[in-house]
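Comments concern the structure below.
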Amino acid sequence: MNITRERYDVIIIGSGGAGLRAALAAAEQGARPVVLSKGEAHRSGGTLSAHYSFCAVLPDPVPGDSPQVFAEDIMRSGEGISDPRLVRVLAEQAGHAVAYAQKLGVNFDPDEAGSPKPHLGWLAGHTYSRAVHVKNVVGREIIRALLKAVKQASIPIHSFTLVTDLIVAQGQVRGACALHLPTGELRIYEAPSVIMATGGGSQIYELNTNPFEATGDGYAIALRAGAELVDMEFVQHYPSVLVSPPGARGLMFNSGILIPKGARLLNRHGEDFWDRYGVGPLREATRDVLSNIMSQEIAAGNGTDNGGLWISTRGMNPDDFPQMQQRLLQDTGLPADAQEREVAPGAHYFMGGLRISPDTATTLPGLFAAGECAGGIHGANRLAGNALSENQVFGAIAGSRAAAYALAHPLQPAAGQARAAEEAALEPARKLLERSGQGDPPQAGWAEVQSLMQQHVGATRTAAGLSLAVKRLGELRAEARERFAARDTALAYNRDLAKALELRNMIDTAWCVANAALARRETRGAHVRLDFPERSEAWACSLTVRLEASGRGSTRRLMAHEAAAHALAYKAQDKAQEEAPDCPGACPEPVIDAAPAAAPDGASPVGKKRALAEVAELAEIAKVSELAEVAGGSELAEIVELAELAQLDSAIRIRGLRHGKEGGSPS
């Protein structure tokens, strides 16, 4: 079997908006990046399907708007789960990302003819209008501009190159193994830094809006390499995904534009059911609320024969409809003048992903993440229009930071443990190649995973369904290696082989989602438990998922003291920015994991009182009840420990304070 080897400074896995932006940022730092894409860059990734908007606070915003207000909107939508450090970076840097896109040649729709100022659209959940757009093809335009810049910078893009696993030796990333689909050869890409920019994983659901390549590769590859994932239970379902006719199933019908302009939701009896649920005006409902109510109405037996509801546009002006969407629907057999369309919530976006710090570093040294495959930013629910903002802001940071890391940590020649790590990473793909023609086709595995997730881990969930899914997915993880194989023994363009490798990632990703969903016994944002219908302050925390050395999975809560560490860093960042000199035209660099110095054991009573007051203030910021208790009467040693926690790398598992023990449960 032919194995080739190449060496770079930074490997970027994924050629969507985050990956291409990261490649440019890495090259600007003097590093040698390579982009690996399992499809073609101009035809792959979720960014291309972004229709309408890219949300940001511009230098000349709507009166009253500011990055702080934008951050508050994100935090409110995330329902207490978002990492405030990541939110702050997104809110403050999104305007710079818009300016960068304009510099590359993206011409956003103007506020009025001849005006250089972009028009700002309003989307549900945003306090102010802040959505820039290019008709209804903003994602396509961003990819066009990024690709042009990448080619001008002579950054190599290796298309049809499917990464199978990372190479990890002595706890450090050393590169990645990949299958080159046109030749069937295995490749070893060596680099001290890897950026995961693989997008989401909604193909684990039968009804979804994502491209076929969104099989959760980044989540699964990082999980197997030892990285920690966060918030995986929160999967946003787009409320209006077409369920009929068959040729249109899975296409988005843009409720985000049409409902604010007057579209209504009707059940199978033609009834407008929305007001029965008492959740506020339909026009102002965010995606998680829409999907929740629609799923409940369908579950109550009021759905159509195809498992959907009707979205009615009767009486609306056809000019208000997204024209690109209308043309696409006509191509699939839906008449342009249809006034009711059959829709249901479909998997759309993963709020969870690799756990990152504000510099996009994951819990595995040398591995960075940006875009949808990174978690912690959106919390329990993503605001409309923030996907492009996220992938451009954090893609730029990832490229810059990964390049700096690579240049400071040059890779040593592979030997000993490094060679063994390469062999271990190559083994799953080799085994599949050897077993071609000797098992069930991978398409059968795809269908089983999608059915399990659609039925039991969808927009609404119960303990019984989740337990069934967790059990079966665990069995699939164990049996998939020996059960599924390509039907064709050819090496070149063996789609079954690619499907089998993707199935491995789908199973691992689905297993993470189901485990986290079973563990979270409440309803919050996009996670709806019919058996725990209320939100609980006991669950005002993130859940992480990781693989132990034994191969077993575990979930744990990020407890109060870790939220306190976030708050300490957040407050220190405030202070640093107040003291920093103005830098016109430059993107402000976030202060990463900064914290006030810990008080010494022999601190004076005044020092103790000041420290206690600071912790009380932090409790208010973080909204953590345990910290409020600490502030009421703890020893200074606990405060010292809190300050120290903020200086620890986020990969460290903290043993817990008196008021917040770490929780973990094998699954």
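Do you know which of the residues in region 410-437 that are among the small types (Gly, Ala, Ser) and surrounded by 15 or more Cβ atoms within 10 Å (Cβ to Cβ) is nearest to the chain's Cα centre (by Cα)?
425
Condition check ((1) at positive phi; (2) in a helix (DSSP H, G or I)) across all residues:
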{"site": "379", "(1), (2)": "yes, no"}
{"site": "382", "(1), (2)": "no, no"}
{"site": "403", "(1), (2)": "no, yes"}
{"site": "418", "(1), (2)": "no, yes"}
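Which condition number does residue 440 fail, the rest of (1) more than 18 Å from residue 202 (Cβ to Cβ); (2) in contact with a strand residue (DSSP E or B) (Cβ under 6 Å, 6 or more places away or on another chain); (3) open to solvent by less than 20 Å² (accessible area, probe 1.4 Å) being met?
Condition (3) is where residue 440 drops out.
Considering only residues that are among the hydroxyl-bearing types (Ser, Thr, Tyr), touching a helix residue (DSSP H, G or I) at 6+ places or on another chain (Cβ under 7 Å) and more than 19 Å from residue 473 (Cβ to Cβ), which ones fall in region 210-248? So that I can check it myself, show each step before the final result.
Here is the first cut: in region 210-248, the ones among the hydroxyl-bearing types (Ser, Thr, Tyr) are 215, 219, 238, 240, 244.
Now drop any that are not touching a helix residue (DSSP H, G or I) at 6+ places or on another chain (Cβ under 7 Å), which leaves 215, 219, 238, 240.
Of everything in region 210-248, those that are among the hydroxyl-bearing types (Ser, Thr, Tyr), touching a helix residue (DSSP H, G or I) at 6+ places or on another chain (Cβ under 7 Å) and more than 19 Å from residue 473 (Cβ to Cβ) turn out to be 238, 240.
Please determine whether any residue of region 491-513 is modelled with pLDDT of 90 or more, part of a helix (DSSP H, G or I) and over 30 Å from residue 432 (Cα atoms).
no
Looking only at residues that are surrounded by fewer than 18 Cβ atoms within 10 Å (Cβ to Cβ) and polar (S, T, N, Q) in region 155-195, which one is farthest from residue 37 (Cα to Cα)?
By that ranking, first place goes to 170.
How about region 289-312: which of its residues are farther than 18 Å from residue 275 by Cα and either open to solvent by less than 30 Å² (accessible area, probe 1.4 Å) or assigned to a helix (DSSP H, G or I) (or both)?
304, 308
Being farther than 26 Å from residue 496 by Cβ and buried (at least 16 other Cβ atoms within 10 Å of the Cβ): is that true of residue 150 here? Outline the logic, then answer.
On the way: farther than 26 Å from residue 496 by Cβ: yes; buried (at least 16 other Cβ atoms within 10 Å of the Cβ): yes.
For residue 150, the condition - farther than 26 Å from residue 496 by Cβ and buried (at least 16 other Cβ atoms within 10 Å of the Cβ) - is met.
Criterion first (open to solvent by 10 Å² or more (accessible area, probe 1.4 Å), in contact with a Phe, Trp or Tyr (Cβ under 9 Å, 6 or more places away or on another chain) and among the basic types (Lys, Arg)) does residue 535 satisfy it?
Answer is no for this residue.
Residue 100 - would you say it is hydroxyl-bearing (Ser, Thr, Tyr), over 18 Å from the mean Cα position of the chain (by Cα) and part of a helix (DSSP H, G or I)?
Yes; evaluated as a whole, the condition is true for this residue.
Quick one: which of 77, 53 is over 29 Å from residue 543 (Cβ atoms) and buried (at least 20 other Cβ atoms within 10 Å of the Cβ)?
Matching residue, one of 77, 53: 53.
Quick one: residue 25 ticks every box in (1) modelled with pLDDT under 95; (2) in a helix (DSSP H, G or I) bar one, so which box is it?
(1) is the only condition that residue 25 fails.
Taking the condition in contact (Cβ under 8 Å) with a residue 24 or more places away in the chain and charged (D, E, K, R), does residue 461 pass? Show your work before the answer.
Numbers: in contact (Cβ under 8 Å) with a residue 24 or more places away in the chain: yes; charged (D, E, K, R): yes.
Spelling it out, residue 461 is indeed in contact (Cβ under 8 Å) with a residue 24 or more places away in the chain and charged (D, E, K, R).
Starting from region 235-257, take each residue that is within 17 Å of residue 211 (Cα to Cα) and touching a residue at least 12 places away in the same chain (Cβ under 8 Å) and list its partners that are open to solvent by 30 Å² or more (accessible area, probe 1.4 Å) and part of a helix (DSSP H, G or I), counting only C-beta distances under 7 angstrom and pairs at least six apart or across chains.
236/287; 238/287; 251/328
Take the residues in region 268-287 that are in contact (Cβ under 8 Å) with a residue 12 or more places away in the chain and part of a helix (DSSP H, G or I); name whichever of them is farthest from residue 310 (Cα to Cα). Break it down into steps so the answer makes sense when it comes.
We begin by selecting, within region 268-287, every residue in contact (Cβ under 8 Å) with a residue 12 or more places away in the chain; these are 268-271, 273-274, 277, 279, 282-287.
Retained after the next criterion (residues that are part of a helix (DSSP H, G or I)): 274, 277, 282-284, 287.
Details: 274: 12, 277: 17, 282: 14, 283: 16, 284: 19, 287: 16 Å.
The selected residue is 284.
Let me confirm something: among 365, 335, 358, 318, which residue is at pLDDT 95 or above, open to solvent by 20 Å² or more (accessible area, probe 1.4 Å) and over 11 Å from the mean Cα position of the chain (by Cα)?
The match here is 365.
Tell me, please, whether a residue that is over 30 Å from residue 426 (Cβ atoms), assigned to a helix (DSSP H, G or I), open to solvent by 20 Å² or more (accessible area, probe 1.4 Å) and among the hydrophobic types (A, V, I, L, M, F, W, C) can be found in region 120-141.
Checked against the condition, which is being over 30 Å from residue 426 (Cβ atoms), assigned to a helix (DSSP H, G or I), open to solvent by 20 Å² or more (accessible area, probe 1.4 Å) and among the hydrophobic types (A, V, I, L, M, F, W, C), region 120-141 yields no hits at all.
Restricting attention to region 1-22, report how many residues are outside any helix (DSSP H, G or I) and under 15 Å from residue 143 (Cα atoms). Before the answer, list the steps.
Step one: of region 1-22, the residues outside any helix (DSSP H, G or I) are 1-16.
From what's left, under 15 Å from residue 143 (Cα atoms): 14-16.
Selection size over region 1-22: 3.
Please find, among 327, 401, the residue that is out of contact with any Lys or Arg (no Cβ under 9 Å at 6 or more places or on another chain), without any contact (Cβ under 8 Å) to a residue 60 or more places away in the chain and surrounded by 21 or more Cβ atoms within 10 Å (Cβ to Cβ).
Every option except 401 fails the conditions.
Of all residues being closer than 13 Å to residue 86 by Cα and open to solvent by 10 Å² or more (accessible area, probe 1.4 Å) in region 383-397, which is nearest to the chain's Cα centre (by Cα)? Just the residue, please.
Within region 383-397, the match that is nearest to the chain's Cα centre (by Cα) is 391.
Condition check: touching a helix residue (DSSP H, G or I) at 6+ places or on another chain (Cβ under 7 Å), closer than 22 Å to residue 78 by Cα and among the charged types (D, E, K, R). Does residue 359 satisfy that?
For residue 359, the condition - touching a helix residue (DSSP H, G or I) at 6+ places or on another chain (Cβ under 7 Å), closer than 22 Å to residue 78 by Cα and among the charged types (D, E, K, R) - is met.
Is it the case, given these coordinates, that residue 517 is of a type in the set (A, V, I, L, M, F, W, C) and modelled with pLDDT of 90 or more?
Answer is yes for this residue.
This table checks each residue for (1) under 28 Å from residue 472 (Cβ atoms); (2) among the hydrophobic types (A, V, I, L, M, F, W, C).
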site	(1), (2)
365	no, no
372	yes, no
379	no, no
412	no, no
416	no, no
444	yes, yes
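Output the number of residues of region 447-463 satisfying the condition of being open to solvent by less than 20 Å² (accessible area, probe 1.4 Å) and of a type outside the set (Val, Ile, Thr).
5
Say we look at region 473-487 and pick out the residues that are in contact with a helix residue (DSSP H, G or I) (Cβ under 6 Å, 6 or more places away or on another chain) and open to solvent by 50 Å² or more (accessible area, probe 1.4 Å); which of these is modelled with the lowest pLDDT?
Looking at residues that are in contact with a helix residue (DSSP H, G or I) (Cβ under 6 Å, 6 or more places away or on another chain) and open to solvent by 50 Å² or more (accessible area, probe 1.4 Å), I get 487.
Across region 287-315, which residue is modelled with the lowest pLDDT among those that are of a type in the set (D, E, K, R) and farther than 28 Å from residue 77 by Cα? Can you show your working first?
Here is the first cut: in region 287-315, the residues of a type in the set (D, E, K, R) are 287-288, 297, 305, 314.
With the extra rule that they be farther than 28 Å from residue 77 by Cα, the set shrinks to 305, 314.
On the way: 305: 94, 314: 89.
Applying the filter and picking the extreme gives 314.
Let me spell it out: the conditions are (1) within 17 Å of residue 233 (Cα to Cα); (2) surrounded by fewer than 18 Cβ atoms within 10 Å (Cβ to Cβ), and residue 509 meets all of them except one. Which number is the exception?
That leaves (2) as the condition not met.
Conditions first: (1) under 28 Å from residue 528 (Cβ atoms); (2) at pLDDT below 95. Residue 59 passes all but one, so which condition is the exception?
Against the list (1) under 28 Å from residue 528 (Cβ atoms); (2) at pLDDT below 95, residue 59 comes up short only on (1).
Can you pull out every residue in region 110-152 that is closer than 27 Å to residue 381 by Cβ and among the acidic types (Asp, Glu)?
141
The values are calculated or read from the model by the stated rules, or taken from the named source; none is laboratory data. Since we're looking at a predicted model, the values are computed, not measured. Heads up, the Cβs are rebuilt from the backbone with ideal geometry, glycines too, and the neighbour counts pull from every protein chain shown. Heavy atoms of the whole protein, side chains included, go into the accessibility calculation; ligands, DNA and RNA do not. Shrake-Rupley method; radii C 1.70, N 1.55, O 1.52, S 1.80 Å.
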